[in-house]
Structure formats: C-alpha cells, structure tokens
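*Asks:* Below you'll find the structure I mean.
Each value in this text was obtained by applying a stated rule to the coordinates, not by laboratory testing. Computed from a predicted model, the values in this text were never measured in an experiment. As a convention, Cβ positions derive from the backbone with ideal geometry for all residues, glycine included, and neighbour counts pool all protein chains shown.
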Amino acid sequence: MEKIASFQVDHTKFGVGMYISRIDDDIVTYDVRMVKPNGGVYISSPSLHTIEHLFATFARNSQFGKNIVYVGPMGCRTGFYLLTRGMSHEDAIELVRSAYRFIADYNDEIPGCTEVECGNYLEHDLESARKDVLPLLEKLKDYTVEMLDYSYHFGK
C-alpha cells in the first residue's frame, strides 16, 4: 500500500503548532498539534473527547460554520485534524485561536454530552481540556500563514 501523506512528515522535526497537512482539490486539512509528537506527554482520552465536542461545536457555530468539513482528534492523542473548504489560511488560524480561547474559558455543560447524543458520554474532562488547550493557544498568538508549512519549523 502507498504511504499516506501524514506518515510522510518527519514527526521529530516539529512540535506544538498548526500546519497544512494536505490539500485535496478544495479541501484543506490542517494538523492542529497540541503537544510535541513522541514527546512523552499526550492528551488524555477524556480531555481529547471534551475538546472535540467543544472545538467542533464552536467551529460549526462560528461565522465559518459552512466552511467546516470535519473536526476530529488524532489517534495518537497529540492534536486534531481540521478540514475546511472555501476558507483562507488566515481565517483558519483565527478560527482555531478563537475556538481554543473559547475552550480555555468554557465553564458550562459540555455540548452533546448525554447518553442519547454521544457514544461515550461519561468519558469527559472539562478541567483538563481547559488546561490542555493553553500551549497551542500561546503558540498561535503571533502565528502567520508561512508558519503553516511544516518546513518553516525544521531546524528551529
């Protein structure tokens, strides 16, 4: 089988940040990396699950809701994939900044967190989710479109 694009990126050369993983026709896949790959620290499943609910809900309810194709966690528990259509890279960065600020400040019921709405509704951790978004939120403060390219970070 052919190696998929995300396995062709050297995960030892980048850390926390937001990157363009791939572009397929009009769909852009962003790698929203919250912890350094293989860094020994990973996002707990309950926190990742909570961030997923809040990130997806925020994104789909934002002014860019119609541009969101998918928001979902990485199996390695180091971040999320954000798939967009018809949205500028600047707007994608701002959406993630806004979503993560929203999560960091969120203190209410987790959306979609009932037995009827979620397949694992008991596995959530809002307190950890609020803390786990902070490193990426800090990293994105002065993020530019140029920084979305993995190679920008190689050697730094």
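*Asks:* Report the relative contact order of the chain, percent, no decimals, based on alpha-carbon pairs under 8 angstrom and at least 6 residues apart.
*Replies:* On the way: 233 pairs, mean separation 45.1, N = 156.
Answer for the chain is 29 percent.
*Asks:* Using 0.36 nm times the number of residues separating residue 109 and residue 7, minus their current alpha carbon distance, what extension gain do you get? Let's see the in-between values first.
*Replies:* On the way: separation 102, 0.36 × 102 = 36.72 nm, distance 3.62 nm.
Extra length available between residue 109 and residue 7 comes to 33.1 nm.
*Asks:* Right, something else. Within the stretch 75-108, find all residues whose amide N lies under 11 Å from a label point positioned 7 Å from the Cα of residue 145 along Cα-to-beta-carbon.
*Replies:* 88-92
*Asks:* In whole Hz and in residue order, list the ³J(HN,Hα) couplings for the stretch 127-132 that follow from phi through the Karplus curve 6.51 cos²θ - 1.76 cosθ + 1.60, θ = phi - 60°; x for Gly and Pro.
*Replies:* For the stretch 127-132, the Karplus curve yields 4, 5, 4, 4, 6, 5 Hz.
*Asks:* Still on this model: Could you check the simple spin-label distance between residue 90 and residue 117, using points 7 Å along Cα→Cβ, in nm with one decimal?
*Replies:* A separation of 3.4 nm, rounded to one decimal place.
*Asks:* Okay, moving on. Under 15 Å from the 7 Å Cα→Cβ point of residue 77, by amide nitrogen: which residues of the stretch 42-58?
*Replies:* Under 15 Å, as judged by backbone N against the label point of residue 77, lie 42-52 of the stretch 42-58.
*Asks:* About its Cα centre, how strong a charge dipole does the chain have in debye, to the nearest 20, once Lys and Arg get +1 and Asp and Glu get -1 at the Cβ? Please list the in-between numbers first.
*Replies:* Working: 16 positive and 23 negative charges, 92 e Å.
Using Cβ point charges on Lys, Arg, Asp and Glu, the chain gives about 440 debye.
*Asks:* Give the shape of the stretch 66-156 as rounded, prolate or oblate, defined through the alpha-carbon gyration tensor: a ≥ b ≥ c are the square roots of its eigenvalues, a/c under 1.5 means rounded, and otherwise the shape is prolate if a/b is larger than b/c and oblate if not.
*Replies:* Judged from the Cα gyration tensor, the stretch 66-156 comes out prolate (a/c at least 1.5, a/b above b/c).
*Asks:* Return the lysines within reach of residue 13: Cα separation strictly under 24 angstrom, same-chain partners fewer than 8 residues apart disregarded; answer none if there are no such residues.
*Replies:* Within the straight-line cut-off, residue 13 pairs with 3, 36, 139, 141, 156.
*Asks:* Give the long-range amide H neighbours of residue 22: residues separated by 5 or more places, or on another chain, with amide H under 5 Å away, using H modelled in the peptide plane at 1.01 Å from N.
*Replies:* Those lying under 5 Å, H to H, from residue 22 are 29.
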